Amino acid sequence: MNFVGVSELGQLALLRDIGIVLGAGVIASLLMASLRLPAVTGLLLAGALCGPFGFSLVEDKHTIDTLAEVGVVLLLFTIGLEFPLSRFLRIGKTLVIGGTLQVGLTAGATIGVAMALGLSFSHAVPLAFAISLSSTAIVLRGLSDRGEIDAPHGRFIVGTLLFQDLCVIPMMLTLPVLAGGGTVGELLKHTGMSLGLAALAVVVTYLVSRKLLPALLARVDKTRSREVFVLAILAICIGIALATGYAGLSLALGAFLAGVVLADSPFATRALTEVISLRDLLTGLFFISLGMLFDIRAVIEQPLWIAGIFLMIFFGKALLAAIAAMFMRFPARAAILAGLGLAQMGEFGFVILNTASRSPLHLVDMSNEGRWLSAAAILTMFITPLVLRFSPHLAAGARLLRPLEKLLGVQAIDAPAREHEEISDHVVIAGYGVGGRMIANALKSVEIPYIVLEMNAETVRAAHESGEPAYYADVTSAEALEHARIHHARAFVLTINDPAAAQRTLDTVKRVAPEIPVIVRARYHGEAGLLQNLGASEVISGELEAAVEIMARVLRLMNIPRNLIDREVALVREQTQHTARRTTVPRAKLGQLESLGNLKVETYQVEADADAAGKSLAQLQLRGRTGASVIAISRKGKVIDNPDPHEPIRDGDVLYLLGSLQHVRDAMCLLDTGSVPDPH
């Protein structure tokens, strides 16, 4: 008879638990996919069903939570890898000011509501702290999947989430002060000092890591071992996360910082490739573990209370975050998208609630308001992936915030400069990124007037400083387009990197000025049909243009003749997207053409005593007597290709000779002496 030891039974139970949650996650995700809903919603649902408040299928939830925490660390690390310091610094103002406004407004409003319901100040503050935080993992995962991290609302959301992570430890350190009955002044002083120490810890960690990590990875790379490289990346990620954790900051913030440190190094892409599969697995466990916190019994016992708390959290946070974004001069639509992205309560909110419930004064009663708040918070997390998916449609209510938008001076296009009040026959450029700047420079060089509409305030300010006619405006707004005198424009060019906003802008343009030609940049070729149906005159797919260029260069590398390359490119364009631009491929070098690999190009300078001086190529009969050809002549700094064979060669001319090594040598001898050496 075989006996299984106690430790082996524990291992089997752990593997069984992991197998159950992974299997449930797969089934729930497939169900969500069939309903065309985000997979994260399915993972949260799977956790709710498997957890202690569902069917209690998981015995060792603690181990699942530990693996889930590692998943969050890897998620934030990989996002940091795609977020180099230069990109991080661009959201510095949003991080500090926008984050302070969002956290401050939300916490203040929560304290007011809680005290109005009869709670004391010391009991209201922990609730305010918990509610003011949003879910970094869920939101960043959703933005990354949709490619919206660099969109205007994405920049505000990322900056605010990072600020919230910085605030976690000051909030945690404040709880003992509340439990000890400290005054409001002591509370504010303690919080400010904690926030300053947290920021200092981030700076020190970053500076130290910046010096050490690239050198360490360079040594690891020399081993040429994939296993050692992966271990080094995981050690760096978890090591910095733990260091910031011991310094009093969140592990997630430390992991993100580790990614930012490596993002500017040569190892960023390789690191991302190596850990992305493990990240996806463990992040899935994290979302499942979050779902396990959902207590369905609380919803059954107090449905109205929990529904009310849910509505106050979700819509209250969304509104306050949108107002904070508008104070940062984001247009109404971007502000609403940002508000919806930050509307849920975050995972660190549960940490604060649990800590407050264990304090001597029991600042949060987890049997009453804490339990109800947890259930409502999980519901906000459940709905967040759906909201991120459909937020472009929900943002259609941006017109409701137009009065506040004008009060805050967001729509600078409402007051165009005097020289643009009567502008006509111009081009309206929506978006002033790399593509927008190239178009503007080209129009300027041919003296065609243009106006730029951009949703990034920093970009607009920089454009103004360089004398560009740029305005801060929401291009989905009919009012903004009318102030740009779109009725008098010759063309509208749409280059923004927000697909949903591009569709809404195109729809608005065609309603306001249906006859104007519209050229749209799309990220993916699959978007072209929808954009054309909305009225785009031309849709330029970045995905397709990149593919055509790569195809042409691959064929050139394979030594395919140019006419055949042009034929293949033309065939692709007939099937997909036409262009007015001529296809360019790198010029082939002789060494890259197998049949011409033995030919040489050499130069020969004609001197006064050379036999060739004053004679023409026809007189010399260079090709017939030596086999070499003169393909070009450099005369006084000017290169003459396909030279006239009857033009006399002058003193100082440099001849470019093409042929085999022996033919070129014979040609040089003929040019020098007028004779060819005897081959014998």
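Here are a few things to note about the model shown:
- log10 of Debye I(q)/I(0), alpha-carbon scatterers only, for segment 600-680 at 0.16, 0.18, 0.23, 0.27 Å⁻¹: -0.51, -0.65, -1.09, -1.53
- Applying a threshold of 26 Å to the alpha-carbon distances of Lys93/Lys510; Lys615/Lys636; Lys444/Lys636; Lys600/Lys638; Lys317/Lys510 flags Lys93/Lys510; Lys444/Lys636; Lys317/Lys510 as lying beyond it.
- Per the Debye calculation on segment 411-536 with a single equal scatterer at every Cα and no solvent contribution, log₁₀ I(q)/I(0) for q = 0.09, 0.13, 0.16, 0.18 Å⁻¹ amounts to -0.21, -0.46, -0.71, -0.91.
- Burial ordering of Trp305, Trp372, fewest other beta-carbon atoms within 10 Å first: Trp305, Trp372
- The gain in end-to-end length when the Val654 to Arg635 segment is fully stretched comes to 6.2 nm, 0.36 nm per residue minus the alpha carbon separation.
- Residues Tyr246, Tyr472, Tyr656, sorted so that the one with the fewest Cβ neighbours within 10 Å comes first: Tyr246, Tyr656, Tyr472
- Beyond 14 Å, the tail of the calculated P(r) for segment 510-568 holds 63 percent of the Cα pairs.
- Sites Asp280 and Val554 - FRET efficiency at Förster radius 45 Å, r taken between beta-carbons, to 0.05: 0.90
- Per-pair calculated FRET efficiency, R0 = 25 Å: His488 and His464 via Cβ, rounded to 0.05: 0.65
- For segment 477-483, 3J(HN,Hα) computed residue by residue from phi via the Karplus equation (6.51, -1.76, 1.60; θ = phi - 60°) reads 8, 4, 4, 5, 5, 5, 5 Hz, glycine and proline entered as x.
- The Cα center of segment 98-158 and the Cα center of segment 629-680 differ in position by 77 Å.
- Cβ crowding within 10 Å, taken as a proxy for footprinting-reagent exposure, orders Arg329, Arg437 from fewest neighbours to most as Arg437, Arg329.
- Here is the list for segment 445-492: GluC sites (Glu not before Pro) lying in DSSP coil, each with at most 15 other C-beta atoms within 10 angstrom of its C-beta, are Glu447.
- The order of the peptides 549-556, 308-315 by mean Cβ neighbours within 10 Å, most packed first, is 308-315, 549-556.
No lab work stands behind these numbers, since they all come straight from the coordinates. From a predicted model like this one, the values you see are computed outputs, not experimental measurements. FYI the Cβ positions are ideal-geometry reconstructions off the backbone, even for glycines, and counts take in every protein chain you see.
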